[in-house]
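Input: a single structure, listed below in structure tokens.
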Amino acid sequence: QVRLVESGGGLVQPGGSLRLSCAASESILSINAVGWYRQAPGKERELVARMNRLGLTNYGDFVKGRFTISRDGAKNTVYLQMNSLKREDTAVYYCNGERNSRDYWGQGTQVTVSS
């Protein structure tokens with residue numbers, strides 16, 4: 001079983017930046033794909049960014065070049081760099097790992113964008 005632990009959330013002003021981290025319990029290269037999802041109150045969980053084992057990425061339409069997913073294989077960590085944050089980016093952000101058609105989730109980290 002893959003364990004994922006997020007960190008880096010918090011309160012940030014509109015236009016600001018945050019970097020989220022997701023530490024995996026084992027090599028992220030053994031995981032088919034890793035990604036970030038978010039869920040705002042009253043809304044469904046949605047894809048933010050995803051990277052497969054080959055390093056190919058895809059992003060939610062709302063990202064529009066503001067966010068970047070990356071990984072550090074030596075640290076078994078996946079990052080989400082978020083720039084130009086907007087109030088509508090406020091949500092709980094979850095790290096996800098997919099392996100052998102099974103999804104693993106972290107506990108989530110709150111991101112609040114507010115002045």
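The values are calculated or read from the model by the stated rules, or taken from the named source; none is laboratory data. All values reported here derive from a predicted model rather than from experimental measurement. Cβ placement follows ideal geometry from the backbone for every residue including glycine, while neighbour counts extend to all protein chains displayed. Each accessible area value is taken on the protein alone, full model and side chains, heavy atoms only, with ligands, DNA and RNA left out. Shrake-Rupley method; radii C 1.70, N 1.55, O 1.52, S 1.80 Å.
Give me the strands (runs of 3 or more DSSP E) completely within segment 45-115, filtered to those with at least 3 residues that are surrounded by fewer than 17 Cβ atoms within 10 Å (Cβ to Cβ), ordered by residue number.
Details: elements: 46-52, 57-59, 67-72, 77-82, 91-99, 102-105, 109-113.
Qualifying strands (runs of 3 or more DSSP E): 46-52, 67-72, 102-105.
In the list Val2, Val78, which residue meets the criterion of being modelled with pLDDT under 95, farther than 14 Å from Gly108 by Cβ, of a type in the set (A, V, I, L, M, F, W, C) and touching a strand residue (DSSP E or B) at 6+ places or on another chain (Cβ under 7 Å)?
Result of the check over Val2, Val78: Val2.
Answer yes or no as to whether Val2 is within 10 Å of Gly97 (Cα to Cα), β-branched (Val, Ile, Thr) and part of a loop (DSSP other than H, G, I, E, B). Can you show your working first?
On the way: within 10 Å of Gly97 (Cα to Cα): yes; β-branched (Val, Ile, Thr): yes; part of a loop (DSSP other than H, G, I, E, B): yes.
So Val2 passes the test.
Cβ-Cβ below 9 Å, separation at least six or inter-chain, first residue in segment 101-115 and under 23 Å from Asn52 (Cβ atoms), second assigned to a loop (DSSP other than H, G, I, E, B) and of a type in the set (Gly, Ala, Ser): which pairs?
Gly108/Gly9; Thr109/Gly8; Thr109/Gly9
Report, ordered by the first and then the second residue, all pairs with beta carbons closer than 8 Å, sequence separation of six or more or different chains, a first member in segment 46-60 that is at negative phi, and a second member that is among the basic types (Lys, Arg) and open to solvent by 70 Å² or more (accessible area, probe 1.4 Å).
Close Cβ pairs (under 8 Å, with a partner that is among the basic types (Lys, Arg) and open to solvent by 70 Å² or more (accessible area, probe 1.4 Å)) amount to Met51/Arg71; Thr57/Arg50; Asn58/Arg50; Tyr59/Arg50.
Name the single residue, out of those in segment 23-44 being open to solvent by 40 Å² or more (accessible area, probe 1.4 Å) and over 14 Å from Asn76 (Cβ atoms), that is modelled with the lowest pLDDT.
Applying the filter and picking the extreme gives Asn32.
What number of residues within segment 11-22 are surrounded by fewer than 17 Cβ atoms within 10 Å (Cβ to Cβ) and either at pLDDT below 95 or among the small types (Gly, Ala, Ser) (or both)? Before the answer, list the steps.
From segment 11-22, those surrounded by fewer than 17 Cβ atoms within 10 Å (Cβ to Cβ) are 11, 13-17, 19; that's our starting set.
Now restrict to residues that are either at pLDDT below 95 or among the small types (Gly, Ala, Ser) (or both): 15-17.
Result for segment 11-22: 3.
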